[in-house]
Amino acid sequence: MIFAANLKCNHTRSSFELYAQELNQKLNQEDEVFIFPPNVAFLKNNFIFQQGAQNFYPCENGAYTGEIGRIHLEEFNIKSVLIGHSERRSLNEDESFLKAKFDFAKTLDFNIIYCIGESLETKNSKQSLDFLKKQIGNIDLTYEKLIIAYEPIYSIGTRVSADLDDINTVLDFLRQSTQAKLLYGGSVNQNNIKAICALKNCDGVLVGSAALKADEFFNMIQIAKG
Ligand code: PGA
C-alpha cells in the first residue's frame, strides 16, 4: 500500500521538521510513504518516507521567476513529484504544460503521482469515464514510476469522500488502461481509509487535511493496514 500526504500550503520548515521526525520514528521500513511538504519546507535529512515536491517547473534552472527547477529539487534529494493536482489545474496548468512537466520528470526517472479527477458537473452528466480517459491520454501510461491518483474535485477538502461504488468503478476503469499503481484521494480520513484501501484496484491513498498532523496520519496508516 502507498500512503501519500499532500500538505499543500501548510507547515513551515520548522513545523515540518517536527512532523518529519515524529513520522520517521513511528514508520516501519516496509511502509511506502510519500510526504509532499511546501517547497520551502524541504529538509536535507534522510527519512524512511520519501519527500516529494508539490510543484516544480520543467527546467534545470533559469529565468522563471518564482519557480524551482531540477537543481533545487536535487539539493534536497527530491525524486518524487505531484503533477496535475486539481488545485494546480485551476491555476491554469493546462494539458500541454502538464505533459511538459510529466515528460521532464520522466527523463529524471522521478516517481510521478499524476492526479486526475472530474467535477461534480461532469459526474452528474455521466461523463466521468470519458473525461478521465482524456486526462490520462496525455501521459505515458507505461512509465514504470507512474502512480495515478484519482481525486474527484467534488470530494477534495469537503470531508466527504466519493462513494465507494464510484471509486471502484473508476479504479477498475483505469486498471484497464495501465498497470500503474492507483491511489484514491479526496477527504480520506481515519473513518473511511480502510474501506477505500480494501477496494480491489486501490493501491493506496493521497491524503490532504487529515494528514496535517504526523500522529493522525500515522494512525490512518495503521488503520488501513490493520
Ligand atoms: P483532502 O485533500 O484529503 O483534504 O480532501 C486531498 C488532496 O487534495 O490531495
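The values are calculated or read from the model by the stated rules, or taken from the named source; none is laboratory data. Bear in mind the structure is a predicted one, so any value in this text is a computation, not a measurement. Counting neighbours? That spans all protein chains shown, and the Cβs are built from the backbone with ideal geometry, glycine included. These accessible areas exclude ligands, DNA and RNA; they are computed on the full protein's heavy atoms, side chains included. Shrake-Rupley method; radii C 1.70, N 1.55, O 1.52, S 1.80 Å.
Assigned to a loop (DSSP other than H, G, I, E, B) and open to solvent by 60 Å² or more (accessible area, probe 1.4 Å), is that true of residue 22?
no
For residues that are free of Cβ contacts under 8 Å to residues at least 24 places away in the same chain and of a type in the set (Asp, Glu), scanning just segment 132-168, find the one that is nearest to residue 180 (Cα to Cα).
Applying the filter and picking the extreme gives 144.
Of the residues 217, 131, which is open to solvent by 50 Å² or more (accessible area, probe 1.4 Å) and part of a helix (DSSP H, G or I)?
131
For the structure I just gave you, tell me whether residue 5 is open to solvent by less than 50 Å² (accessible area, probe 1.4 Å) and either at pLDDT 95 or above or in a helix (DSSP H, G or I) (or both).
Spelling it out, residue 5 is indeed open to solvent by less than 50 Å² (accessible area, probe 1.4 Å) and either at pLDDT 95 or above or in a helix (DSSP H, G or I) (or both).
Determine whether segment 97-117 contains at least one residue that is touching a helix residue (DSSP H, G or I) at 6+ places or on another chain (Cβ under 8 Å), closer than 23 Å to residue 5 by Cβ, touching a residue at least 40 places away in the same chain (Cβ under 8 Å) and in a loop (DSSP other than H, G, I, E, B).
Yes.
Residue by residue through segment 98-121, note down the ones that are over 24 Å from residue 51 (Cβ atoms), surrounded by fewer than 18 Cβ atoms within 10 Å (Cβ to Cβ) and not basic (Lys, Arg).
119, 120, 121
I'd like the residue in segment 158-187 that is near the ligand (Cβ under 9 Å from one of its atoms), part of a loop (DSSP other than H, G, I, E, B) and within 15 Å of residue 115 (Cα to Cα) and, out of all such residues, is nearest to the chain's Cα centre (by Cα).
186
Please find, among 164, 141, 182, the residue that is touching a helix residue (DSSP H, G or I) at 6+ places or on another chain (Cβ under 7 Å) and either surrounded by fewer than 21 Cβ atoms within 10 Å (Cβ to Cβ) or of a type in the set (Gly, Ala, Ser) (or both).
Being touching a helix residue (DSSP H, G or I) at 6+ places or on another chain (Cβ under 7 Å) and either surrounded by fewer than 21 Cβ atoms within 10 Å (Cβ to Cβ) or of a type in the set (Gly, Ala, Ser) (or both) holds for just one of 164, 141, 182, which is 164.
Among the residues of segment 26-56, what is the count of those that are farther than 23 Å from residue 197 by Cβ and open to solvent by 70 Å² or more (accessible area, probe 1.4 Å)?
4
Can you name every residue in segment 183-226 that is within 19 Å of residue 150 (Cα to Cα) and aromatic (Phe, Trp, Tyr)?
Within segment 183-226, just 184 meets the criteria.
Among the β-branched types (Val, Ile, Thr) and under 17 Å from residue 79 (Cα atoms): does that describe residue 122?
The answer is no for residue 122.
Name every residue in segment 60-93 that is open to solvent by less than 40 Å² (accessible area, probe 1.4 Å), part of a loop (DSSP other than H, G, I, E, B) and within 16 Å of the ligand (Cβ to nearest atom), in order of residue number.
Once the filter is applied, which keeps residues that are open to solvent by less than 40 Å² (accessible area, probe 1.4 Å), part of a loop (DSSP other than H, G, I, E, B) and within 16 Å of the ligand (Cβ to nearest atom), segment 60-93 yields 84, 85, 93.
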